[in-house]
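Here the structure comes first, spelled out in structure tokens, and everything after it is commentary.
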Amino acid sequence: MSENRKFLLLILLILGIFAGEKIYKNVNTEKNKQDSKYELTVTRNSYKDKNKPLDINEATVDAMLKNGISLRYAEGIDEYREITGGFQDIKELIRVKGIGAKTLEKISGKVRVYEKAKRNELYINEASDKILLYFGFTKKEIKKIRKEQKENFKINSNLQLRDILGDERYYDFKDFVHYERY
């Protein structure tokens, strides 16, 4: 056999080995995907894009600081999430102390609610005014709640809460307000 032919066969053999290895890896990878019960998930906040809004329900205080949100607001947002379970809507930022309409407008470009958070349970008879405000009660509603608690020692049922808030507002709270810890 001539040298050129030997060289050509060697090249073909090497190419065949590489092609076979690549096919094996692809088949094996597809098999692993099918067999694996775990899947790689990349969260929105794992991207280091400063222009991309953070998920307000998952962002750390440090991430918020890096995105241009002041420490005071970042800590307030973190406290709000801890107490309520998180944000259902970006407009809830108004409930965080110090955040008004203008600040909300500034911050809203830096954060988003990608998935509504599940509300924590609220034990209305134990809650401070601050906690009630965080959950979305108005100051007027809180006064009515305190008056009812003063007269009857506590709110005992959905009927009492419904009388205080009215039908429409009651339905905003009925799923997570509790009266006693058992």
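For an R0 of 22 angstrom, estimate the FRET efficiency from the Cβ-Cβ distance between Arg119 and Glu58 and round to the nearest 0.05.
Working: r = 16 Å, r/R0 = 0.74.
Here the calculated transfer efficiency is 0.85.
Looking at the range 92-182, what % of the alpha carbon pairs are farther apart than 15 Å? Walk me through the numbers on the way to the answer.
Values: 2633 of 4095 pairs.
The answer is 64 percent, as a whole percent.
Got a sec to turn the phi values of the range 142-156 into Karplus ³J(HN,Hα) couplings, 6.51 cos²θ - 1.76 cosθ + 1.60 with θ = phi - 60°, whole Hz, x for Gly and Pro?
For the range 142-156, the Karplus-derived couplings read 5, 4, 5, 4, 5, 5, 4, 5, 5, 6, 10, 6, 6, 8, 9 Hz, x marking Gly and Pro.
Considering only protein heavy atoms and a 1.4 Å probe, what is the carbon-and-sulfur percentage of the accessible area of the range 67-152? Provide the component values of the computation, followed by the final result.
Working: 2510 of 5090 Å².
For the range 67-152, the apolar C and S fraction of the accessible surface comes to 49 percent.
The values are calculated or read from the model by the stated rules, or taken from the named source; none is laboratory data. Everything numeric in this text was worked out from a predicted model, so none of it was measured. Backbone-built Cβ (ideal geometry, glycine too); neighbour counts: all protein chains shown. Remember, those area values only see protein heavy atoms, side chains included, never the ligands or the DNA or RNA. Shrake-Rupley method; radii C 1.70, N 1.55, O 1.52, S 1.80 Å.
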